[in-house]
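Nothing in this text is a laboratory measurement; each read-out follows from the coordinates by a stated rule. Here the structure is a predicted model, which is why all the values come from computation and not from measurement. Cβ: placed from backbone, ideal geometry, glycine included. Neighbour counts: every protein chain shown.
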Amino acid sequence: KCSLMVVLVASFLTAGSAVAGVYWEAETVTRGMPGQADGVRMQKMYYTMNASRVEAEDGSVMIMDFDTMTMYRLDTRKRTYTQTDMKNMGMPQGMSGRDRERMEKMMEGMVQSMQVTPTDETKTIAGYLCRKYNVVFMMTESEYWVSRDVKGYDELKEIGRKMAARFD
């Protein structure tokens, strides 16, 4: 649930239009994040009402099929993939009963603790007037620059609503 929430938040923030869905590229700058090397990464993101695809520079691809609630992680370099039931994302295999309930509550608490704070800071990025938002999630601070003027914003917002309803 947690990694999906991050994807959902990112999905609402910037978008460009494409045929039969929404496509955009994002540059992610990482500094001081535990478990990740500092640096700049580019990602290509595609969203439709039924699925999403995120491609990273390292050749990894994540596909989420919202109709079957299945996620696929592809390693294009090794030509391998893993398949995950999205209803069990974040859950250790074989966890059931009270342990599963506790884990679900803990994950829900982490998601609900996300803080999104708009600022008064604005700047023009790629010709769009953007507003800065500070996001705190799982003790990690991030900043996002958001514009509602990009093509596909309303479509992406509707896709996000549909995805959220499936994960409710």
Set the bar at 22 Å for Cα to Cα. Now go through Lys44/Lys87; Lys105/Lys157; Lys78/Lys162; Lys44/Lys105; Lys87/Lys132; Lys87/Lys162 and name every pair that lies beyond it. Lys44/Lys87; Lys105/Lys157; Lys78/Lys162; Lys44/Lys105; Lys87/Lys132
Summing +1 for each Lys or Arg and -1 for each Asp or Glu, what net charge is found among the other residues whose Cβ lies under 9 Å from the Cβ of Met69? -1
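Determine the sum of side-chain charges near Lys44: Lys and Arg each +1, Asp and Glu each -1, restricted to other residues whose C-beta is under 15 angstrom from that of Lys44.
-3
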For Arg131, net neighbour charge (Lys/Arg +1, Asp/Glu -1) across residues whose Cβ lies under 13 Å away: -1
